[in-house]
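Encoded as structure tokens, the structure appears first; notes follow it.
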Amino acid sequence: MASSESAVLQFFPSSTSLSAKVHPLVIFNICDCYVRRPDQAERVIGTLLGSISPDGTVDIRNSYAVPHNESSDQVALDIDYHHNMLLSHQKVNPKEVIVGWYSTGLGVTGGSALIHEFYSREVQNPIHLTVDTTFRNGEATIKAFVSVSLSLGERQLAAQFQEIPLDLRMVEAERVGFDILKTTMVEKLPSDLEGMEASMERLLALIDDVYKYVDSVVEGQVVPDNDIGRFIADTVASIPKISPPAFDRLVNDSLQDHLLLLYLSSITRTQLSLAEKLNTAAQIP
Amino acid sequence: MANTMARSFLQVAATEEVASPLRVVQIEGLVILKIIKHCKEFSPALVTGQLLGLDVGSVLEVTNCFPFPIREEDEEIEADGANYQLEMMRCLREVNVDNNTVGWYQSTLLGSFQTVELIETFMNYQENIRRCVCIIYDPSRSNQGVLALKALKLSDSFMELYRNNNFTGEKLREKNLSWVDIFEEIPIKVSNSALISAFMTELEADTPVTQCDYDRLQLSTNPYMERNLEFLIECMDDLSMEQQKFQFYYRNLSRQQGQQQAWLQKRRAENMARKTAGEDPLPEEDPANPIFKPIPEPSRLDSFLITNQISNYCNQINGVAGQSFSRLYLMKALHEN
């Protein structure tokens, strides 16, 4: 297939109901591989692993890089390496299967079509993920494509890459650590209470925003939006109505339970230090 | 001039490098995400994996990791496991990932990871690598909204003691070693490449609403606390059993010593009688007599480990209780408003 230097980008909405969800781990992996690529390589190519749900959503969970050689007219992919890594990964997690492949750089080139064909031999409808690591558009561009082949009668003319919607998902535990993942260096991991403080500050900020919004609507500065108003009313109404004494009793009971637990753990610690003294300090004549 | 230079160079080459103590473990965000993903997928089963990175001065950098498949207890699979490891390392080398093993990670359930197996694994690793670290991740605690990641290392004094397999009270007193000295916790620093942080900042959801992590503000901690307490109670039972073993030992020891004294008295009396009769005195010791056989002292290793676990549980309870207090007061304040 003749290669062209121009990117073949299609922006039509896809006709299929395919959509993809990407875990941030995959992005991390891709960036890490890009940073570590050998000097002569322009971009990094690798395999995407994940699962396909019955309704057509592809869940991309893991990835690994595959060494490749790319020159102006041909692309060579290390297939053995690809298979070896696949086997190794499947030993750990047999449910992860190939769902597509990724490459860094904006747009789809001619060489990519060849690679896409190779991957379509492995899996039914591979997803091609492009991650623009050079920030050419001034922002992070991550796009996912599927390939639709255009044929005229019997002959296959070209493969058209259609973009599909992409969703960046984040699991709970990962979201907890997300702040840490944003900056380049974090001096130490936040302890329980510090994290608590951060969460509460965020909540406070949210409540402040809502207050300001309501105030400005009341004063007539902002055009009221009925939906938001209803939403706020719902939220406030969802606080359960408990009479103050009953509420106080609830809170106090919880407080007492926790105090009891704290007391218990302090006693245990005292017991431990006592036991240790007895054990090691005992003199044998 | 050249002579003095050459000598000083030789001197430098001859002096041994003193390993600077490990002060901090620097982990990449990628590794943390991988560990979280792996442990979470297989929770509540416990999983392990290998850490790869570089050892630089007083910082141990962990730059990548890969998980181990769950191993069954079978001889054939042992060799398979080693093959898997070699294969992974080789493949990762090809994509320019540092493939120095610097330790391993494992997941745990509510902090019950101090076992003899952990120590043995440490000793195995320590033989090949100068500095290794073990990272413990607790997925159940992370559901509470805390990133429960810890880096552990065996303290040097403990390692020497373990090599000699000698845990008697005297030795421990000599080294002034108590149960807190077995494991050393090392502070963790997280680093990310600039590319990643650029991506993450871009991709972060712009609306502040989705940013707030609500799971940390949940009020129900009861199931978690209950399990913690259950484990604590079990451990206390184990500890009291160990202490009973010690008591038994001491009682036996003192009884044996009483017997030895009595026997000695009898011998001395006999000797006096023999002296007056003009015969040779009998020796004052008799190694063949069973009351002289030394009773082995039970190892204190188990009790130390259990103590460690208990203190861990206590710490966790304290932490969660503290958080709950803040949450309760917050709720109270909100309600009043």
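The values are calculated or read from the model by the stated rules, or taken from the named source; none is laboratory data. Owing to the predicted nature of the structure, the values given are computational and were not obtained by experimental measurement. Cβ coordinates were reconstructed from backbone atoms using ideal geometry, including for glycine residues, and neighbour counts include every protein chain displayed.
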- prompt: Taking strands (runs of 3 or more DSSP E) that fall entirely within region B:90-156, which contain at least 2 residues that are in contact (Cβ under 8 Å) with a residue 12 or more places away in the chain, crowded, with 21+ Cβ neighbours inside 10 Å and within 13 Å of chain A (Cβ to nearest Cβ)?
  reply: B:133-137, B:149-154
- request: State whether the residues of region B:124-135 include one that is aliphatic (A, V, I, L, M), under 13 Å from the mean Cα position of the chain (by Cα), assigned by the TED database to the domain that holds residue B:164 and modelled with pLDDT of 80 or more.
  value: yes
message: If I filter region B:27-45 for residues that are small (Gly, Ala, Ser) and more than 8 Å from chain A (Cβ to nearest Cβ), do I get at least one hit?
response: yes
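When region A:81-120 is examined, which residues are found to be assigned to a helix (DSSP H, G or I) and touching a helix residue (DSSP H, G or I) at 6+ places or on another chain (Cβ under 7 Å)?
Correct list: A:81, A:84, A:85, A:88, A:91.
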field: Residues satisfying the stated conditions in region A:217-256, i.e. surrounded by 14 or more Cβ atoms within 10 Å (Cβ to Cβ) and over 38 Å from the mean Cα position of the chain (by Cα)
entry: A:247, A:250
field: Of all residues making up region B:231-246, the number that are without any contact (Cβ under 8 Å) to a residue 24 or more places away in the chain and closer than 12 Å to residue B:310 by Cβ
entry: 4
Residues satisfying the stated conditions in region A:17-73, i.e. part of a loop (DSSP other than H, G, I, E, B), touching a residue at least 40 places away in the same chain (Cβ under 8 Å), aliphatic (A, V, I, L, M) and closer than 19 Å to residue B:96 by Cα: A:44
task: Take the residues in region A:74-88 that are at the interface with another protein chain (Cβ under 9 Å from one of its Cβ atoms) and surrounded by 15 or more Cβ atoms within 10 Å (Cβ to Cβ), then tell me which one is farthest from residue B:92 (Cα to Cα).
output: A:78
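Here's the yes/no breakdown for (1) away from chain B (no Cβ under 14 Å); (2) at pLDDT below 70; (3) surrounded by fewer than 12 Cβ atoms within 10 Å (Cβ to Cβ):
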position	(1), (2), (3)
A:119	yes, no, no
A:125	yes, no, no
A:130	no, no, no
A:133	no, no, no
A:151	yes, yes, yes
A:154	yes, yes, yes
A:161	yes, no, no
A:166	no, no, no
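Yes or no: region B:298-315 includes at least one residue that is at pLDDT 75 or above, over 35 Å from the mean Cα position of the chain (by Cα), assigned to a helix (DSSP H, G or I) and closer than 30 Å to residue A:252 by Cβ.
Looking through region B:298-315, none of the residues is at pLDDT 75 or above, over 35 Å from the mean Cα position of the chain (by Cα), assigned to a helix (DSSP H, G or I) and closer than 30 Å to residue A:252 by Cβ.
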task: Would you confirm whether any residue within region B:260-270 is under 29 Å from residue A:277 (Cβ atoms) and part of a helix (DSSP H, G or I)?
output: yes
- request: Filter region B:83-116 down to the residues that are aliphatic (A, V, I, L, M) and at pLDDT 80 or above, then identify the one that is farthest from the chain's Cα centre (by Cα).
  value: B:92
